[in-house]
Amino acid sequence: MNSGSRSVCLFLIGAGCAAALPSIWGGPVGYAAPSVLASVDTTRPKGSPSTDSGWLERGWVIPGYLSSWGLPPLPGQFSLTDTGLVFRSAVGDLSARAATISLAYIDDENGRAHYIFRIDTGVFETDAPGPLLAATAHPMGVDSGSPSRAPPVRRLVDGSDPAAPLRAARQIAASRYADSLYGLFGQPRAPLGLVGRRGRAAGRIGEYIASRDSLALDPSHMTCEAQLRHALAHELGHRWQVRAKAQLAALWAGVPAIRDPKRYGYADRSEHQAEAIAFAVSFLQTTAGSAAPAASSLGLLEHYELLVPGTRTLTRYLLLQPVYRTHPLRSLLTTDRIRYAREK
Ligand SMILES: [Zn+2]
C-alpha cells in the first residue's frame, strides 16, 4: 500500500497553527519533504505592493477559501496590504501571503462558477474573483515585500531536541482526537512510531505498513499541529482501506476524480480516498462544536468536496458511526435524502 503521502505543510505567517485553527480542528494535511520545507519561503522581493499593473487597489477584499499545501480549505479573504496580497482566515488569525497567483481552473458544477486560483502555497477558491481575474494576466503583479519581512519556517517540534519528534507522535497517538479516529478506523497493533530514514528520504511524513499494522509519522518535518492531525487521519484512512475494501468500494461509486493535477491524491485512488477520509474527519471535527448555522456548515462541506471529491460521501458515512452520535449535523446529513440524493 502506498502509504507515503508527500506532504502538505501549512505555511503561516503571523500566529502559529494552534492559534490559527480551532482546537477541535481535525487535521489538515499534507505531507512535506524536507527539501520543500527548507525552501518554503514564498516571498520574492521585488516591486511595490501597490502593483505596477494597477489591477488591484488597496481596499479590495476578495472572500473565498484558502487550501494551503493540501490542507482543507479555510474561509477568509484576500486583500492588498503593505506586505502584498495577504489572506486572512475568518477563524483564528491565520494569514498567508501570496507572491504569485494564477487562475488554475473554473469549476462550474451545479451551475455556479467557482474560480480556483493557484498561489505559492496552494489554492484559493472563490465565486467572486473580481480583480483577481485580471491578475492572471499579470502573474507576478502581487509580488512585494522585502527579505527582512520573510517569515521564518515554522517547525512543529524543536529541532535541537532529538526526543521531540517521538514525543510529539506519541502525544497525538494518546490524545482524545486519536481516540475518535481509533473509534472510526481501529487502532494499529504496533505503537505509533517515527518514519524511518528511507521514508523520510522519499518525502513521507506519514506511513502505514499494513503487514505490521503499524503507523509512523514524521513530526520533525511538519510545521504545525494541524498537519500532524491530518497525517494521522490520512494514515488511519489507509488502515481502513485494508479492512473495509468492499465498504469503501460501495461508498466510492460515482465519486469523481480530483480535478487539480497538483493536489495530492490526483490520479491515485488510494491516496485520493485517504485524503477524502482526512478531509471528512477534519470537517466533522471542525463542525462538532461549532455554533455556526447548519447551512453555513453545509456550505463549508461543499468547498471541501470541490477540492477533494468523496469528502461529502465519507462525511455522511462517518456521521453514522457511534463516535459522532451527538454531532449537530448528524440527522441533517444522514436523513435528508431529498437534498442529498444527487450524490449518493
Ligand atoms: Zn497515503
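No value in this document is a laboratory result; all are computed from the given coordinates. Please read these numbers as outputs of a predicted model, since none were measured by experiment. Virtual Cβ from ideal backbone geometry, glycine too; neighbours counted across all protein chains shown.
Taking amide hydrogens as placed 1.01 Å from N in the peptide plane, the amide H of THR81 sits under 5 Å from those of VAL86, each at least 5 positions away in sequence or on another chain.
For the stretch 120-129, just list the computed ³J(HN,Hα) in residue order, Karplus coefficients 6.51, -1.76 and 1.60, θ = phi - 60°, integers in Hz, with x standing in for Gly and Pro. In residue order, the calculated couplings are 3, 10, x, 10, 10, 10, 8, 9, 9, x Hz. For VAL195, nonlocal amide neighbours, meaning residues 5 or more places apart or on other chains whose placed amide H falls under 5 Å from its own, are LEU217, ASP218. For ASP120, nonlocal amide neighbours, meaning residues 5 or more places apart or on other chains whose placed amide H falls under 5 Å from its own, are ALA99, THR100. The HN-Hα couplings worked out from phi for the stretch 278-294 by the Karplus form 6.51 cos²θ - 1.76 cosθ + 1.60 (θ = phi - 60°) are 5, 5, 4, 4, 4, 4, 5, 5, 4, 8, 4, x, 6, 8, 5, x, 4 Hz, whole numbers, x standing for Gly and Pro.
The loop-placed trypsin sites (Lys or Arg not before Pro) in the stretch 256-335, going by DSSP, that have at most 16 neighbouring Cβ atoms within 10 Å of their Cβ come out as ARG259, LYS262, ARG325.
Note that the stretch 316-321 has calculated 3J(HN,Hα) couplings of 5, 5, 5, 5, 7, 7 Hz, one per residue in order, obtained from phi through the Karplus relation 6.51 cos²θ - 1.76 cosθ + 1.60 (θ = phi - 60°); glycine and proline are x.
Other residues whose C-beta falls under 14 angstrom from the C-beta of ALA288 contribute a net charge of +3, scoring Lys and Arg +1 and Asp and Glu -1.
Relative to the current alpha-carbon distance between TYR266 and ALA163, full extension at 0.36 nm per residue lengthens the span by 33.6 nm. Please give me the summed charge of the neighbours of PRO188: other residues whose Cβ is under 15 Å from its Cβ, Lys and Arg +1, Asp and Glu -1. Neighbour charge sum, excluding PRO188 itself: +1.
In terms of surrounding Cβ atoms within a 10 Å radius of their Cβ, GLU207, GLU305 rank from fewest to most as GLU305, GLU207.
In loop segments of the stretch 160-254 as defined by DSSP, the trypsin sites (Lys or Arg not before Pro) with at most 16 further C-beta atoms inside 10 Å of their C-beta are ARG189. If you plug the beta carbon distance of ALA128 and SER211 into 1/(1 + (r/R0)^6) with R0 = 45 Å, you get a FRET efficiency near 0.35.
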